[in-house]
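Novice: Quick one: the structure is below, and I'll ask about it shortly.
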Amino acid sequence: MSPRPGADRAARAPVSGPQATVPAMDTRSGHIVWDWNGTLLHDTDVVLEATNASCAEIGLPPLTLEQYRELYCVPVPRFYGKLLGRQPSAEEWEAMDAAFRRHYGAGADRAALAEGAAELLLSWKTGGGTQSVCSLAPHERLVPWLGRLGLDGHFERVDGDTGVTGPLRGKARQMARHLAAMPHVDRLRTVVIGDAADDAAAAAHAGAKAVLYTGGSHSRQGLKRVGVPVVDSLADAVEAAAELVARAGPRPPARTPEDPV
């Protein structure tokens, strides 16, 4: 979701219940690329508060959650352009982004893992599937953030934003680099799970499939326009991902040096 968080603290919420169970499908050849903010991490309330606090600094009225979800988009300056009625200047963008980071950092410790996230990650892994994280959160904060929540052992790879262009350009290039760094992962059996239209665009750019989750930055109506499966829980997202992997058919056996070309 929001690619701008500048804080690295989060509280883990207790999770339990049947919704945290991966469906009984063969996940051994499937790979999930998880988004972080607004997907695995339920920080939507903190993001909205930080957005409204930063908007107040430049005289803009507060947004409701419904308004935020209808307006939010990546690249993020386009979102601020919708609020201002014009594209922000470079100076305005830097000021608004800095204000957002400051306010988000003040409230990030109230964010929690999405319901069932820890159980779903474990179930997918123990079922034989692989998974990774590709996020526009700053990489130097994302990695220890996952570690503090006890999630660092679940992933083949973790990539956050390593520069300052992620919020300006979106996730497509980063997703392509992310998957290219895992040549053993079959892109036809890779599903990106995220909460934003940009996640689906990044998946398509990298040759993967996508499932979008309504618990983050976009409205259901907005996500439905993207044209990929849309779900209301992470458990449903994992089930949809497993179905997409199953439809891809069996993975071809690995080629050996003795095999004819």
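The values are calculated or read from the model by the stated rules, or taken from the named source; none is laboratory data. What you see is a predicted model; the values in this text were computed from it and never measured. FYI the Cβ positions are ideal-geometry reconstructions off the backbone, even for glycines, and counts take in every protein chain you see. Just so you know, the surface numbers come from the protein's heavy atoms only, side chains and all, with ligands and any DNA or RNA stripped out. Shrake-Rupley method; radii C 1.70, N 1.55, O 1.52, S 1.80 Å.
Novice: For MET182, what charge total do you get from the other residues with a beta carbon under 14 Å from its beta carbon, if Lys and Arg give +1 and Asp and Glu give -1?
Specialist: Charge balance near MET182 sits at +1.
Novice: Quick one: if the Förster radius is 25 Å, what FRET efficiency do ARG220 and THR64 give, using the C-beta to C-beta distance and rounding to 0.05?
Specialist: 0.95
Novice: Give me a comma-separated list of calculated 3J(HN,Hα) values for the range 53-60, in order, Karplus coefficients 6.51, -1.76, 1.60 applied at θ = phi - 60°, integers in Hz, x for any Gly or Pro.
Specialist: Per-residue couplings from phi come out as 5, 6, 5, 4, 5, 10, x, 8 Hz.
Novice: Tell me, what HN-Hα J-couplings in whole Hz come from the Karplus equation 6.51 cos²θ - 1.76 cosθ + 1.60 at θ = phi - 60° for each residue of the range 177-186, using x for Gly and Pro?
Specialist: So the Karplus estimates, Gly and Pro as x, are 5, 4, 6, 4, 6, 10, x, 6, 8, 7 Hz.
Novice: Would you work out the charge dipole size for the range 110-165 about its Cα centre, treating the Cβ of every Lys and Arg as +1 and the Cβ of every Asp and Glu as -1, and quote it to the nearest 20 debye?
Specialist: Working: 5 positive and 7 negative charges, 23 e Å.
That gives the range 110-165 a dipole magnitude of about 100 debye.
Novice: Here is a follow-up. Using DSSP to call loops (not H, G, I, E or B), can you name the trypsin sites (Lys or Arg not before Pro) in the range 168-244 whose Cβ has at most 15 other Cβ atoms within 10 angstrom? Write down the numbers at each step before the final one.
Specialist: Details: sites: ARG169, LYS171, ARG173, ARG177, ARG187, ARG189, LYS209, ARG220, LYS224, ARG225; in loops: LYS171, ARG225.
Passing sites in the range 168-244 are ARG225.
Novice: Same structure, new question: Roughly to the nearest percent, how much of the accessible area of the range 102-261 is carbon and sulfur, given a 1.4 Å probe?
Specialist: 53
Novice: Oh, and also: Let me make sure I get this right: for the range 156-214, a, b and c are the square roots of the gyration tensor eigenvalues over alpha carbons, sorted descending. Under 1.5 in a/c it's rounded, otherwise prolate if a/b > b/c, else oblate. Which is it?
Specialist: On the way: a/c = 1.84, a/b = 1.13, b/c = 1.63.
The shape class here is oblate.
Novice: Sticking with this structure for a sec: Could you give the accessible area per residue of the range 95-210, probe 1.4 Å, as a whole number in Å²?
Specialist: Numbers: 4520 Å² over 116 residues.
Accessible area per residue: 39 Å².
Novice: Taking amide H atoms as placed 1.01 Å from N in the peptide plane, list the residues 5 or more away in sequence, or in a different chain, whose amide H sits under 5 Å from that of VAL192.
Specialist: VAL33, LYS209, ALA210, VAL211
Novice: Can you list the HN-Hα couplings for the range 110-122, worked out from phi with the Karplus curve (6.51, -1.76, 1.60; θ = phi - 60°), rounded to whole Hz and with x for Gly and Pro?
Specialist: Running phi through 6.51 cos²θ - 1.76 cosθ + 1.60 with θ = phi - 60° gives 8, 6, 10, 4, 4, 4, x, 4, 4, 5, 5, 4, 5 Hz.
Novice: Using label points projected 7 Å from each Cα along Cα→Cβ, tell me how many nm separate GLN87 and ARG110, to one decimal.
Specialist: With each label placed 7 Å out from Cα toward Cβ, I get 3.5 nm.
Novice: Also, I was wondering about something else. Ignoring ligands, DNA and RNA, what percent of the accessible area of the range 23-84 is carbon or sulfur (1.4 Å)? It would help to have the intermediate numbers written out before the result.
Specialist: Details: 1310 of 2390 Å².
In the range 23-84, the share of accessible area belonging to carbon and sulfur is 55 percent.
Novice: Another question about this same structure. Counting only other residues whose beta carbon sits under 15 Å from that of VAL226, what net charge do I get with K and R as +1, D and E as -1?
Specialist: Computed value for this residue: +1.
Novice: Something else now. Among the aspartates and glutamates, which fall within straight-line cross-link reach of LYS171, defined as a Cα-Cα distance under 16 Å, with same-chain neighbours fewer than 8 residues apart omitted?
Specialist: ASP35, ASP159, ASP161, ASP195, ASP198, ASP199
Novice: How would you rank 102-114, 59-71, highest first, on the average number of other Cβ atoms within 10 Å across their residues? Can you show the working numbers first?
Specialist: Values: 102-114: 19.2, 59-71: 13.9.
In decreasing order of mean packing, 102-114, 59-71 become 102-114, 59-71.
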